[in-house]
1. In a loop (DSSP other than H, G, I, E, B), open to solvent by less than 20 Å² (accessible area, probe 1.4 Å) and of a type outside the set (Val, Ile, Thr) - does that describe any residue in segment 109-118?
2. Could you check how many residues of segment 81-90 are open to solvent by 40 Å² or more (accessible area, probe 1.4 Å) and assigned to a strand (DSSP E or B)?
3. Any chance you could count how many residues in segment 1-43 are of a type in the set (A, V, I, L, M) and assigned to a loop (DSSP other than H, G, I, E, B)?
4. When only residues in segment 72-90 that are polar (S, T, N, Q) and more than 15 Å from the chain's Cα centre (by Cα) count, which is modelled with the lowest pLDDT?
5. I need the full set of residues from segment 44-68 which are β-branched (Val, Ile, Thr), buried (at least 17 other Cβ atoms within 10 Å of the Cβ) and either free of Cβ contacts under 8 Å to residues at least 24 places away in the same chain or in a strand (DSSP E or B) (or both), in order please.
6. Filter segment 91-103 down to the residues that are under 12 Å from the mean Cα position of the chain (by Cα) and within 25 Å of Ser57 (Cβ to Cβ), then identify the one that is most open to solvent (accessible area, probe 1.4 Å).
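The values are calculated or read from the model by the stated rules, or taken from the named source; none is laboratory data. For clarity, every value in this text was computed on a predicted model and none was experimentally measured. FYI the Cβ positions are ideal-geometry reconstructions off the backbone, even for glycines, and counts take in every protein chain you see. Just the protein is used for accessible areas: all its heavy atoms, side chains included, with ligands, DNA and RNA removed. Shrake-Rupley method; radii C 1.70, N 1.55, O 1.52, S 1.80 Å.
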Amino acid sequence: QVQLVESGGGLVQPGGSLRLSCVSDGSTLGGYVVGWFRQAPGKEREGVSCIRPIGLSTYYVDSVKGRFTISRDTAKNTVYLQMNNLKPEDTAVYFCAAKSYGLCSGNKENFGYWGQGTQVTVSS
């Protein structure tokens, strides 16, 4: 089974940067669509970014475009989310998820594999 573990979260000041990692220890992610989602207190889980296994086409929610970059290292079964110029509104628990087929969008439908999440707090 696909087993996902997120890391790299923490406390950062506005304007700072973090790099999140999503590592698969159970199965290769080479053939999977992998997405990043986030959930702030009292809010619905939101699709942040996504990357496809072939062609590496990507999706970003409008609020993070130009600030976040998703990438993957297939050999390491790892997907990264580089987050620059962080804002307080980015504060949330960030989850990575995987699905075997589909296009990238903010929709979490068909993402059957989820990590436990990593906390990102942006505060002065």
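1. Narrowing segment 109-118 to residues in a loop (DSSP other than H, G, I, E, B): 109-112, 115-117.
Still in the running and open to solvent by less than 20 Å² (accessible area, probe 1.4 Å): 111, 115.
Restricting the remaining residues to those that are of a type outside the set (Val, Ile, Thr) gives 111, 115.
Yes.
2. Restricting attention to segment 81-90, the residues satisfying the condition of being open to solvent by 40 Å² or more (accessible area, probe 1.4 Å) are 82, 84-85, 87-89.
With the extra rule that they be assigned to a strand (DSSP E or B), the set shrinks to 82.
So the answer is 1.
3. Of all residues in segment 1-43, those of a type in the set (A, V, I, L, M) come to 2, 4-5, 11-12, 18, 20, 23, 29, 33-34, 40.
Checking which are assigned to a loop (DSSP other than H, G, I, E, B) leaves us with 2, 29, 40.
Total satisfying the criteria: 3.
4. Taking segment 72-90 and keeping what is polar (S, T, N, Q), we get 74, 77-78, 82, 84-85.
Of the ones still in play, those that are also more than 15 Å from the chain's Cα centre (by Cα) are 74, 85.
Working: Thr74: 81, Asn85: 98.
The extreme case among them is Thr74.
5. If we filter segment 44-68 for residues that are β-branched (Val, Ile, Thr), which is where we start, we get 48, 51, 54, 58, 61, 64.
Still in the list and also buried (at least 17 other Cβ atoms within 10 Å of the Cβ): 48, 51, 61, 64.
Residues satisfying the conditions are Val48, Ile51.
6. Of segment 91-103, the ones under 12 Å from the mean Cα position of the chain (by Cα) are 92-98.
Cutting the leftovers down to within 25 Å of Ser57 (Cβ to Cβ) gives us 92, 94-98.
Details: Ala92: 3, Tyr94: 0, Phe95: 24, Cys96: 0, Ala97: 0, Ala98: 0 Å².
This residue is Phe95.
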